[in-house]
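Okay, structure first, notes after.
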Amino acid sequence: MGEQWEYHVQDRDVTEALTDTLSPEAAEAIRNLGKIADGRGVGAFVVGGVVRDALMKRACEDLDIVVEDDAIDFAEAAARELGGHVKKYRRFGTALLVLGRGVKVDIATSRSESYARPGALPDVAPDPIELDLKRRDFTLNAMAVRINAEGFGELLDPAGGQEDLATGVLRVLHEHSFEDDPTRVLRCVRFAARFSFEVDPLTEQLLQDAVDNDLVSTVSGERIMNEIRLILSEDEVWAPLERLDSLGALASIHAEWRLPENAPHLFSELVAIMEDPVGSIRSATLWHTNFLAAVSALSISDARALLDRLRSGATLRSLVDELARFEVRARERLESENALSRSNVYDTLAALSPETLAVVLASAGPIASRRVALYLSELESVEPVLSGSDLIVLGLEEGTDLGDILTDLRRARLDGFVTSKTEELEFVRRAIRNLDVENKR
Ligand code: CTP
């Protein structure tokens, strides 16, 4: 190593912090990977979020390792020695090493990066770890810990990450950071919110300049969507979304993207709902639910245009359409003071996905809220005892009539008109007789 870094913590403390925050399997894996690096005569380091989280004493699941070596060759050698398999990403020169007992390690070659233009993917060249750290986004993510047996636990902190961690500051390493990679605008907001850190004033200025210069619009839809997904998967999504909105970053993703007026209330309700989900909401995907809420003020055509911009998959598209249809067709009925039978409540909500139900509940007034709660805790799981095949035994043929009778039977169950199998049988026989009478007319 050419340069000496100033270490604020002892290597021993860093080792201890890593052991505390990594699973025992992951901690063992980095020791083993360090030995493999020794055998190949190369430097190896855990980097980025792993080091940050260790110093913050936060549990960390992802293992990111940088080697002063060809990452794919290194990963293959490690897989041979330790047992495991390798997923290669030739285009990026990186590899995912999957070891036993659920340990996954992202391995990259230590490299410097240059950018042809803002938003472009970087041109990369292998370089020592010191240069690798200098290409990174924020000082707190620009630290590495050596994992070679000799020097294990040595902390490299060229940008002052520890200082910023200690004072709670998020700071870019240089003034072109957001130009190099405008997804850092979204990352900045995400990390600031997650750790409740202040954004350093110069970084704040550069952040606003990046948004004002519309740099986010140069990034591909997939990359923006990935960052949005990460933001919407955080425990606290309102703060970063609100920040993106006030910076003008949502509008630079899609001109009409604004948060709904009731957003603070909506998201705080959603947090409570998703923390303790009831009924089918238990299977809602958190970030999809948050996405629906975040676009709920957009017209359906603007929401669809945003989804096009983000190159969204079919699932999110159909959720957005579903919520829009609900708002047009069913919201008023659900909120109205007019009496709704239990089967009416069921019919209003039955076809909805868990994500839409969560957002409908979060944005419901008191009457609708009681109805959704009743649906989730009780109505949605009401099933008649008799099934389609029972109805065939009773003389019906497969088809519309059978489906209609089953639906009516469920309604009768929901409204308490039938409460036992005997009553269901009576109900169905009567329905068949009525059909016969109608058919004879
Ligand atoms: N990184 C960067 N610029 C980016 C993305 C990533 O410099 N646009 C670097 C940072 O050093 C970061 C590391 O790559 O720490 C790993 O990135 P990633 O896995 O996305 O994030 P983490 O920092 O691990 O954060 P998280 O806890 O959200 O996974």
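Rundown of residues vs (1) within 19 Å of V295 (Cβ to Cβ); (2) open to solvent by 20 Å² or more (accessible area, probe 1.4 Å); (3) more than 17 Å from the chain's Cα centre (by Cα); (4) more than 12 Å from the ligand (Cβ to nearest atom), yes/no style:
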| position | (1), (2), (3), (4) |
| --- | --- |
| D200 | no, yes, yes, yes |
| T203 | no, no, yes, yes |
| L206 | no, yes, yes, yes |
| R229 | yes, yes, no, no |
| S233 | yes, yes, no, no |
| A251 | yes, yes, yes, yes |
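Residues satisfying the criterion are present in region 34-46 (criterion: buried (at least 16 other Cβ atoms within 10 Å of the Cβ) and either among the aromatic types (F, W, Y) or at pLDDT below 95 (or both)).
If the condition is being within 26 Å of R229 (Cα to Cα), among the small types (G, A, S) and open to solvent by 10 Å² or more (accessible area, probe 1.4 Å), then region 158-193 contributes G168, A192, A193. Evaluation of A358 against the conditions (1) open to solvent by 40 Å² or more (accessible area, probe 1.4 Å); (2) within 20 Å of E275 (Cα to Cα) shows that the sole unmet condition is (1). Among residues of region 346-371 that are in the same structural domain as A330 (by TED's automatic domain parsing) and on the phi > 0 side of the Ramachandran plot, none has a beta-carbon under 6 Å from a residue that is at pLDDT 95 or above and among the aromatic types (F, W, Y) at least six positions away or on a different chain.
Condition first: within 9 Å of the ligand (Cβ to nearest atom) and either assigned to a strand (DSSP E or B) or among the charged types (D, E, K, R) (or both). Now tell me which residues in region 55-69 satisfy that.
Let us first name the residues in region 55-69 that are within 9 Å of the ligand (Cβ to nearest atom), namely 58, 60-62, 64.
Across region 55-69, the qualifying residues are R58, E61, D62, D64.
Can you pull out every residue in region 288-307 that is open to solvent by 40 Å² or more (accessible area, probe 1.4 Å), touching a residue at least 24 places away in the same chain (Cβ under 8 Å) and either of a type in the set (D, E) or part of a helix (DSSP H, G or I) (or both)?
The initial filter retains those residues of region 288-307 that are open to solvent by 40 Å² or more (accessible area, probe 1.4 Å), namely 296-297, 299-302, 304.
Of the ones still in play, those that are also touching a residue at least 24 places away in the same chain (Cβ under 8 Å) are 296-297, 299-300, 302.
Listed by number, the residues that qualify are I300, D302.
Condition check for D180 on (1) modelled with pLDDT of 95 or more; (2) over 29 Å from I273 (Cβ atoms); (3) touching a strand residue (DSSP E or B) at 6+ places or on another chain (Cβ under 9 Å); (4) of a type outside the set (A, V, I, L, M, F, W, C): one failure, at (1). A count restricted to region 145-157 and to residues that are open to solvent by less than 10 Å² (accessible area, probe 1.4 Å) and among the basic types (K, R) stands at 0. Among the residues here, V237 does not qualify as closer than 18 Å to V189 by Cβ, over 14 Å from the mean Cα position of the chain (by Cα) and β-branched (V, I, T).
Looking at A95, A29 in this structure, which one is more than 14 Å from the ligand (Cβ to nearest atom) and more than 26 Å from the chain's Cα centre (by Cα)?
Details: A95 fails: more than 26 Å from the chain's Cα centre (by Cα).
Going through A95, A29 in turn, the sole match is A29.
Can you pull out every residue in region 322-352 that is open to solvent by 40 Å² or more (accessible area, probe 1.4 Å), in contact with a helix residue (DSSP H, G or I) (Cβ under 7 Å, 6 or more places away or on another chain) and assigned to a helix (DSSP H, G or I)? Selection gives R333, E335, R342. Could you list, in sequence order, all residues of region 353-375 that are within 12 Å of R331 (Cβ to Cβ) and not in a helix (DSSP H, G or I)? Across region 353-375, the qualifying residues are S363, A364, G365.
Quick one: is A125 assigned to a strand (DSSP E or B), away from the ligand (no atom under 13 Å from the Cβ) and open to solvent by 10 Å² or more (accessible area, probe 1.4 Å)? Judged against the criteria, A125 is a match. Checked against (1) of a type in the set (F, W, Y); (2) within 30 Å of L244 (Cβ to Cβ); (3) open to solvent by 10 Å² or more (accessible area, probe 1.4 Å), F138 meets all criteria but (3).
The values are calculated or read from the model by the stated rules, or taken from the named source; none is laboratory data. Keep in mind the model is a prediction, meaning the values are calculated, not measured. Counting neighbours? That spans all protein chains shown, and the Cβs are built from the backbone with ideal geometry, glycine included. In case anyone asks, the SASA skips ligands and DNA or RNA and just uses the protein heavy atoms, side chains included. Shrake-Rupley method; radii C 1.70, N 1.55, O 1.52, S 1.80 Å.
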